[in-house]
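**Q** Take this structure first; my questions come after.
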């Protein structure tokens, strides 16, 4: 029964989504009812399987079934992702989009892929869903396909994340030769060099999806997509799945010796550098995107140091927080036609409830006590401190940056709008100057999550959670650490409040996302295109023309041979004939017809034969 | 029964060719019905098929043919050939559907394609090298007339190039076959016999030379780098359904030859040269993808992606020859992936060439940049195009993923060097998404203005191909259950 529920968590959204997409405009009226019913049922089923913990295997390729199962980690993450999905779809339904059947269809297929990713127990199942998430991301970023820029952004997102995904193919090969099979839980037992290859492959895939360094720039481009897509894919679900995968394979990272440390440092540096990027952004969605990469840096850091409960808690709390912030950004974008921070001045005052909800999210993001991200961040940083004080310091600095960029957004939207502000309206699209009542319902639920999910860090909750996640012997934050980080966050907010009047520093390297996109272009895209053009010319001008030249040479040799045949062979034959004719003439000479001459010839010949016989004997 | 499946189409072809009174409409419908009947028979075979076990065949038929050279009329199928026989039957139905309204000499076209169908089915069912060679060559002859007679652009020249190049390949193949005959203990052309008692076990030089002849013959047909240059012009100038048969069926004759002839009959030489094959595979994958990326003609682009996709097959069969102790399972996975890739490429590339054919039917132009924003006037076309593109770039949920995942997992598991080919799937993704973006999205411009959307007949032709690609992609067991025992046999035969 519960196995059926697990299958339905995947099949229900998949079937509804595919049906909506295939039916096309005919299903326009049915799109929203189907979508919301499906998402509601899926969320309910997700809660059911989180309690019952079923597992199932479907035969797939030889020795590697598609395995799905719910364990402690997925029991925590699956329901949260399913509920966030439902809330985002509710918001999208109220907000309205063009082609709702296509939008909701793609989002539901995406939801099915996320469900598989979260519950996958084997590499084929993981990779299967992993790449479908990527394809849906492509389709949803470029949802408004008449705009080339958006479609191009989808292409960048898909190819960059797929570059990381190649690691999963590599890992699958290494797992086959490493002798453990393709079950995720068995991977740490692979034989030595292969274990490292598996870990490296999985890390590449995870960093790509989680927009960690050096892959971060695709997330910036992905902001071309609708805000609801950003809320689900580029914060709560798909990007988060990168961090989730690392949490899932944390035992593998630990057993290799190098992988855990590497991952932890990549996470910490992403949190730090993308935090700085977020501080410098002038566009609210770009700020939130950089913040997403930075916040997932904390999750990645947690996976690297083995703070599974802290990382998982942070993941779900961030999902709720960031989905809320993106939806509010989307609501303001629809109402005011802009996402430029300068034009959003006073947006919170204009719609106070939405403003308050945004504030809850932003304060949580800033790490203000007692909202959710505050204590959870300290929980994972405590484990980092156990590993390396340097890692802790980098993490703490990154936390301070979170407070700074959250504060920046917060103070701007609560500022007072002036004429310059209004001049910035409608730079992206014509605004409606309206935020619907029903749009606020999902925001309230998400804000509640952003505020309260911190309970996952409270010892009465966190201790059992750690036990179910198999995490043992890791540090818990001391009161000093908790109080210290709370004070740090407040201090940073105060700093921003003072500093904002003079303007927050916006160095060019931070504004343009560390120049990552340009670097990718210069180092990979450009050379590949040049090589491809060169090879195409080689193919046409050398390989194919060489073939023609060979053919022509063949014809040339043939004609020469023909000429040689006429002059040489034929000539030789004729020459031979001439010679033979000469010989014939010569041979005819003795035939004189005179008997006495014949006798003389016979006598000479016989004498010669006689002499020969004598000599031979 | 197998003979009926193979020869039914050519019998119909003879009738069509011999009775001039048959009207065009009747010819088209006769063609469709015959292909449907043949497909139904193949479905029957599929349902009745039980794995015959190593070294045996299902639905075997053998009668004396040319006894003085040890050649018999010998047909049979196993897990390697049955999927390709089924693919062939399906592809020819799809072709008949696609041109159901065509007006250009339908009676001759129907007869020619039915002839081509028999020769294609014959290649996959033949179990005697002479018989195989006869069908192999007839398919080249048939395709020559398809391109020359119904092609466009520089059709005569492309057809001649195709014919001369692949015919040269088949001559190399013939040399190899004669070598196998001379080397065999029993002086036979029988493929089962040759596979069970492979010649040249103790003559690595002669075995290597015979393999070289067979390899060149098959590599030209497949085609692999550097023998692929006949493919792009042949595709560009062939009619849509000619391209479909060429890409979906004729290319498979090359790759099928590797698993059916080269590997089991020359195991020692194959092991000796497996590294070389792997390298050729990797080069084909990367080269095909990179050159495809630079193309501006949609059909040429698809042609080069075929070089890339067939490169995966070569990579996998090469890796299967690199024998090591630990990787038996990996090698089997690689060979299974290679066979799935043959079927998958047949389905997906067939669909892509029909999609290209629609461009030609509407606007007579394959230039990518002449289109743009097609999704607005032709949403169904855009949807089908997008699905086929994602299928071809190996997205999970489609057959290409099942093939490529197994090929990569199995090959990397045997030869870690195979990981060098991984960027191939990334470049393919980029080039397909770029083509989608240039042709389908953005403002409607150029030739896209007034582009008529797919009609029911066109959807009816393209949809089955994509449907099967999805079925294999989601529930591959029905296919893998048939292929896996055969690929395990091949791996055993190669490691003898």
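**Q** Within 10 Å, count the other beta carbons around each residue, average over each peptide in B:261-269, B:414-422, A:286-294, and list them highest first.
**A** A:286-294, B:261-269, B:414-422
**Q** Something else now. Can you sort A:428, A:101 from fewest to most other Cβ atoms within 10 Å of each residue's own Cβ?
**A** Ascending Cβ contact count within 10 Å gives the list A:428, A:101.
**Q** Test of understanding: extend the Cα→C-beta vector of residue A:282 to 7 Å, then name every residue of the stretch A:325-342 with backbone N under 15 Å from that spot.
**A** A:339-342
**Q** Compute the acute angle (0 to 90°) between the alpha-carbon long axis of helix A:459-468 and the principal axis of greatest extent of the alpha-carbon atoms of chain A; round to the nearest 10°.
**A** Result, in degrees: 20.
**Q** Give me the distance between the Cα centres of the stretch A:1-66 and the stretch B:186-204, rounded to whole Å.
**A** 54 Å
**Q** Can you give the average number of partner chain beta-carbon atoms within 10 Å of each beta-carbon in peptide B:288-299, as a whole number?
**A** The mean count of partner-chain Cβ atoms within 10 Å per residue comes to 4.
**Q** For residue A:561 and residue A:386 in one chain, what is 0.36 nm times their gap in residues minus the Cα-Cα distance, to one decimal in nm?
**A** 54.5 nm
**Q** Sorted by average packing, counted as other Cβ atoms within 10 angstrom per residue and highest first, what order do B:232-240, A:554-562 take?
**A** B:232-240, A:554-562
**Q** Per 0.36 nm of contour for each residue apart, how much would the distance between residue B:7 and residue B:134 grow if the chain were fully extended, relative to their Cα-Cα spacing?
**A** Stretched out fully, the residue B:7 to residue B:134 stretch lengthens by 44.3 nm.
**Q** Continuing with this model, one more query. Distance in nm between label sites at residue B:367 and residue A:71, each 7 Å beyond Cα in the beta-carbon direction?
**A** Label at residue B:367, label at residue A:71, 5.8 nm between them.
**Q** When the helices in chain B are scored as -39500 (n - 2.57) per DSSP H run of 4 or longer and the sum is shared across all residues, what 222 nm value do you end up with, to the nearest 500 deg cm²/dmol?
**A** -23500 deg cm²/dmol
**Q** How far is it, in nm, from the label point at residue A:356 to the one at residue A:397 when both lie 7 Å from their Cα along the line to the Cβ?
**A** In this crude spin-label approximation the distance works out to 3.9 nm.
**Q** What is the calculated FRET efficiency for residue A:540 to residue B:17, with r their C-beta to C-beta distance and R₀ = 35 Å, to the nearest 0.05?
**A** Calculated value: 0.35.
**Q** At what distance in angstrom do the alpha carbon centres of the stretch A:505-571 and the stretch A:167-203 lie from each other?
**A** Using only Cα atoms to place each centre, the spacing works out to 38 Å.
**Q** Modelling each spin label as a point 7 Å along the Cα-to-Cβ direction, I'd like the residue B:460/residue A:147 distance in nm, to one decimal.
**A** It is 4.1 nm.
**Q** When Cβ neighbours within 10 Å are restricted to other protein chains, what is their mean count per residue of peptide B:226-236?
**A** Mean shielding by partner chains, rounded to a whole number: 2.
**Q** Between the stretch A:459-490 and the stretch B:344-400, what's the alpha-carbon centroid distance in Å?
**A** For the stretch A:459-490 versus the stretch B:344-400, the Cα centre distance is 54 Å.
**Q** Roughly how tilted is helix A:479-499, in degrees to the nearest 10 and between 0 and 90, from the longest Cα axis of chain A?
**A** So the helix axis and the longest Cα principal axis differ by about 90 degrees.
**Q** Count, for each residue of A:530-536, the Cβ atoms from other chains sitting within 10 Å of its Cβ, then give me the mean as a whole number.
**A** 6
**Q** Just subtract the alpha-carbon distance of residue B:156 and residue B:101 from 0.36 nm times their residue separation and send over the number in nm, one decimal.
**A** Full extension of this stretch gives 17.4 nm more.
**Q** Quick one: angle between helix B:2-18 and the longest Cα principal axis of chain B, in degrees between 0 and 90, rounded to 10, please.
**A** 50 degrees
We did not get these values from a lab; they are worked out from the coordinates using the rules stated. Predicted model only: the values in this text are computed from it and were never measured. In this analysis, Cβ positions are derived from the backbone assuming ideal geometry, glycine residues included, and neighbour counts consider all displayed protein chains.
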